[in-house]
Structure formats: structure tokens, C-alpha cells
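To start, the structure under review is shown below, and the notes come after it.
Just so it is clear, none of the values below were taken in a lab; they were calculated from the coordinates. Small disclaimer: the values here were computed from a predicted structure and weren't measured. Glycine also receives a Cβ, built like all others from the backbone with ideal geometry; neighbour counts cover every protein chain displayed.
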Amino acid sequence: MWAQYGANHTGICIVIDYEKFIAENSKVIEMYQIKDDNVEYNNYFCVPPSFSPLIGKKPGSNKPDSFSRHDVWKKRQSDAHFLKEQFFTKNKDWEGESEYRFLTFIEDDSEEIYLSFKNLLDKIIRGLNFSKYYMPSLESLIEKSKIDLLVFDRWRGDFKLHSETK
């Protein structure tokens, strides 16, 4: 994942406390009805959401449909099974991510939603190729004892965390 999301080990991983995050952002989460859940990993492919006006129609029914695409989408947003399948499920190949997602649906694209994590940083993990020139910026965000470096242990053949303050 470091190669994919951590800019080939030049980036960082931010570790936050989930309970503190929810508490600090509870008003925004409630105001925007933000949904959150663990991502499940399985071996089947999820089909992208369909917005066909025929959703919910009985076979042979040819009455004009009074539901617009917008109405169908609004109904889908409250369908827990649909949300889990379409937004909180990934292929088993990505299982190592242990991903947790936050999801919201807003009507106005110009409106931006900000969630805070300023007071709940538990740790920052630097990638193998993280530039030392960014350290002053990191140290302005979090105490140095909470900044670890990801290192490769050649003897064990895997990665471990190294703290320079220990």
C-alpha cells in the first residue's frame, strides 16, 4: 500500500483515534448525515449502481413511471444493503488495507465539508523514502515522539516501525 498510496514510500500515514474523531466531528457528521463503516472484502465484483427508471417495476408493467432519476437516487441513499454493496465493499485483493470509510451525499457540489483531526493525531508514520526536509512541518503538527519511520528489517524480511526518540 505504501507504493500505491504513500507515493512510493515518500509519503506519510496518519494514525488517528476513531472514538476521538467521531466525538470531535459529531456535529458535522450529524448535520450532513455522514455514513461510516468498515469496508468488507470479498471475491465478487460489485456492479456499479444503476439508475434505471425500471427499478422496482413488476415485469409486464408498462405504466408511465413517475419517479425521476433524482427520486430513485434519494431512495437508494437510505437503502443500507445498496450502500454496503456499492460504497463499503471491495475486492478481496485489497483486504490488507483494512479500510474504513466516511460517506455523504450532498445536493450542492459547491458546498465543502471539513472534518477535523487536529487534536487527535496518535502517530505519523513516515515512509522509507520520506524526505528529512519535511520533518519541521511534521514536528509543528505533532510531538516528535509520535513520529515514527517505517524501516525494512532485512533479517526478518518485513517492515517495522522505528522511533528516533527511543
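If the condition is being without any contact (Cβ under 8 Å) to a residue 40 or more places away in the chain, surrounded by 11 or more Cβ atoms within 10 Å (Cβ to Cβ) and in a strand (DSSP E or B), then the stretch 142-166 contributes Ile147, Asp148, Leu149, Val151, Phe152, Phe159, Lys160, Leu161, His162, Ser163. Looking across the stretch 21-40, the residues that are outside any helix (DSSP H, G or I), under 14 Å from the mean Cα position of the chain (by Cα) and surrounded by 12 or more Cβ atoms within 10 Å (Cβ to Cβ) come down to Ile34, Lys35, Asp36, Asp37, Val39, Glu40.
Of the strands (runs of 3 or more DSSP E) lying entirely inside the stretch 85-137, those containing at least 3 residues that are more than 17 Å from Ile12 (Cα to Cα) and of a type outside the set (Lys, Arg) span 100-103.
Glu85 falls short on exactly one of the conditions (1) in contact (Cβ under 8 Å) with a residue 40 or more places away in the chain; (2) under 22 Å from the mean Cα position of the chain (by Cα); (3) surrounded by 14 or more Cβ atoms within 10 Å (Cβ to Cβ), and that condition is (1).
Do we find that Glu139 is surrounded by fewer than 11 Cβ atoms within 10 Å (Cβ to Cβ) and under 24 Å from Ile16 (Cβ atoms) in this structure? Quick ask: steps written out before the conclusion?
Working: surrounded by fewer than 11 Cβ atoms within 10 Å (Cβ to Cβ): no; under 24 Å from Ile16 (Cβ atoms): yes.
No, not satisfied.
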